[in-house]
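Report on one structure; see the data block that follows.
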Amino acid sequence: MRWYVGADHAGYCMKDALATMLRGLGDEVIDLGTNSGASVDYPDFGERVARKVAEQQDSLGLLVCGTGVGISMAANKVPGVRAARVTETFSARAAREHNDANVLCLGERVTGAGLAEEIVRVFRDTAFAGGRHARRVEQLAELDRRR
Ligand code: RB5
């Protein structure tokens with residue numbers, strides 16, 4: 001699995017820890033920054049990761065900001081991206097199974113380190129279920145085309 005990861009200054013510590021975990025699982029992780037606590041703007045990093053995920057079929061994105069909210073809003077502006085801001089494992093599973101989410105967004109100020117790892121593992125290890133969900137995901141793609 002290839003991951004593109006990114007964060008703002010409020011999320012880079014969690015992003016780094018999760019990137020290390022993913023590499024430990026054997027995944028390829030491309031870090032698009034930020035890499036320090038110096039203040040940056042979450043839309044820049046949300047867009048950067050989202051564009052790569054949209055280009056590279058079958059890749060996944062991981063984005064972290066303070067809450068996961070702003071960076072998910074930015075990622076979802078990029079056509080082809082289905083970014084899910086998740087705070088528990090039930091939604092992590094459903095985001096993949098039902099929504100074919102391709103970008104996972106977390107909040108470093110919201111979710112503890114252990115739960116964040118669990119969320120990433122569930123998201124990584126869950127496949128899209130297809131079936132009736134495929135029609136709905138196609139409707140999301142149609143919304144992109146109409147934008
Ligand atoms: C940065 O202070 C904070 O606003 C940002 O990380 C994020 O939480 C926005 O949604």
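So the values come out like this:
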{"quantity": "Residues being more than 13 Å from Glu88 (Cβ to Cβ) and in contact with a helix residue (DSSP H, G or I) (Cβ under 8 Å, 6 or more places away or on another chain) - total across region 122-144", "calculated": "6"}
{"quantity": "Region 33-54, residues that are more than 12 Å from the ligand (Cβ to nearest atom) and under 13 Å from the mean Cα position of the chain (by Cα)", "calculated": "Glu47, Arg48, Val49, Ala50, Arg51, Lys52, Val53, Ala54"}
{"quantity": "Top-ranked residue in region 1-31 [being within 16 Å of the ligand (Cβ to nearest atom) and assigned to a loop (DSSP other than H, G, I, E, B); ranked as most open to solvent (accessible area, probe 1.4 Å)]", "calculated": "His9"}
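The values are calculated or read from the model by the stated rules, or taken from the named source; none is laboratory data. Treat the numbers as computed from the prediction; the structure is a model and nothing was measured. Ideal geometry is used to build each Cβ from the backbone, glycine not excepted, and the neighbour counts take in all protein chains shown. Side chains are part of the model used for accessible areas, which takes the heavy atoms of the whole protein and leaves out ligands, DNA and RNA. Shrake-Rupley method; radii C 1.70, N 1.55, O 1.52, S 1.80 Å.
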